Structures are given as C-alpha cells and as structure tokens.
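Worksheet: the structure to be examined is printed underneath.
The values are calculated or read from the model by the stated rules, or taken from the named source; none is laboratory data. For clarity, every value in this text was computed on a predicted model and none was experimentally measured. Neighbour counts are summed over all protein chains in view; Cβ atoms, including those assigned to glycine, are modelled from backbone coordinates with ideal geometry.
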C-alpha cells in the first residue's frame, strides 16, 4: 500500500509542474456518500475553491472510499498522495493525538450549541494545532450529528446490549462505551459495515441517521433507538507541506472557501440527519423507538462513568475544560 501511495504522490507532483497554465488538481478523499453532510461539504468546498482561486485550483472529490479506505487515507495524506481528507474525530487517537477522542465520550454534549462552543472556539483551535508535529494542518471541524444505536434485536435499556457484537470505529473511548453496556465492540472499517451487518459478523452499530440511511443500513438493521448518546464529527485536514507551499493568494482563497464550506456543512448537518431519519421511517424496514425520559436517564447512568474511566487516556484537564466551556454536569443531574 505504501508503494502505491508513494507512486500516486510522485505522479501528482509531476502533474502539478507540467504546465503553469493548467489548474492545480488536488484530491479530497472521504469515506461517506455524496449526499451526507460531509459529502455535501466537500463538494461545496470544491465549488468555492474553483470560484475563489479563479480556476487556479480544481478540487476533485472522491466519496465512498473510492480512493482510500479509513485506514489508508491518513497515511496517504501524510505522504502527499491526497491533499484533503475529513476523517472522523475518532481516527486521531491511533495517530497519537488522544485529545480528539474526547468527542467520543457519551453524553458530553447535549446540543449543537454546546458542541460549537468547543469546535468553533479557542479550545478547538488549540486541538487542531496539536496535529502540526505530525505534518498535518487542521483546517476546520465539520458536523455530522448525534448518534443512535441500531441492532437486529429491540433496544430499550442498557441490559438489551448484553452480549451483542457492536461495530465501532478504532477508539478506546468507543470500546469502553460498548463494554459499559455489556456489548462486545468490534472495529470495522466504515466501507465494510453494511456487509458485516448483512453477514451477522456484527449485530449492531451506532450512527448519525445520514450515515445509517445513505449506507443502506436500514436494510439490515431491524431496530433503532434514538439515544443521541454521542456525537460524530470530522476534522478537515491537509498535508502541511502542501499547504505551506501554496502561493499566498491561493492559500488565502482556499482558506476563504474552507470557512464558507464549514459554515454551510454545519448549517445543513441537522437538517440532513432529520431528512434521513424520515427516509428510514418511510422505508418501513427499521422499527424506530423514541426513549422515554426514564429510558434516556438509564442510558446516561450506564454511560457517564466512561468519562472518568477514559480521563487518564484523553487527559483529565481537557475533559474538565470542556465541562467548563459547556456547563456540563458530570454527575448527570
């Protein structure tokens, strides 16, 4: 795989120097469908980049893991074979930046307003700066949405998860979350989740509704519970060497395009997930349960201890900084 990535990088470098009159062609790779918040955001960035650079830059968007899968795209970015990716925040833990796994903590954000105090504030900026020693420039945080659990058995209480094999991303926090429910976590690449569910390799998963519907998981999951227990978002990142090497006017134009694409993506995320949930309802293949206040409280009681458990891994100071920023009550009251 490394040879393939290096070869692609060399070919890309050759194409960028082939002629000054030709547009600079750069790649934006991601693993979700085009009609998700991230997919739409990537396309918006491509459109704005072409407009604000007056055609000097052409961003080619590759959705649905058509260029690189989850585990490949970070290495491809660092090697310069692709210029932009937007991995989910859980992907930065394996890179050695554990702080990003704070976003995986269950029930740490009760709303987009609380979330944006972090992602759109000084704390979020400092977190993106932690990527720079790894040759990565963090550009923005993009929302997807809050997650629901799904499975092929009814889910009403934490006890219903006991013994189920649940798909997760590679995240220590998500592993701890599933174990707190008595489930068996199994790391699976996003592009392989549908087949894993269809083949009963895993019993269930967690997703924002846009990912659930656009990946057709409603075809292989009979039950869903609207827990809003966790957040799934992305960091848009680029290769730092590529970014720093851009002419100043081009970089400024791309910064403007990214700011506006970020505003667009975060504005539509909630709406797109609501539309996807209605589409799941209309399909009629997945029974959707809205938890009662008592059921929701039971999930919070089961999952909030994950915060203390993961504090040594993520950093207690960071977790407490988010509590302070959002007004979160760790006692759950």
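Here's the yes/no breakdown for (1) within 19 Å of the chain's Cα centre (by Cα); (2) outside any helix (DSSP H, G or I); (3) in the same structural domain as residue 56 (by TED's automatic domain parsing); (4) surrounded by 22 or more Cβ atoms within 10 Å (Cβ to Cβ):
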position	(1), (2), (3), (4)
251	no, no, yes, no
257	no, no, yes, yes
285	no, yes, no, no
295	no, no, no, no
317	no, no, no, no
Could you please let me know if residue 310 is touching a residue at least 24 places away in the same chain (Cβ under 8 Å), outside the structural domain of residue 52 (by TED's automatic domain parsing), assigned to a helix (DSSP H, G or I) and within 20 Å of the chain's Cα centre (by Cα)?
-> yes
Of all residues in the stretch 274-283, which are touching a helix residue (DSSP H, G or I) at 6+ places or on another chain (Cβ under 6 Å) and surrounded by fewer than 14 Cβ atoms within 10 Å (Cβ to Cβ)?
-> 283
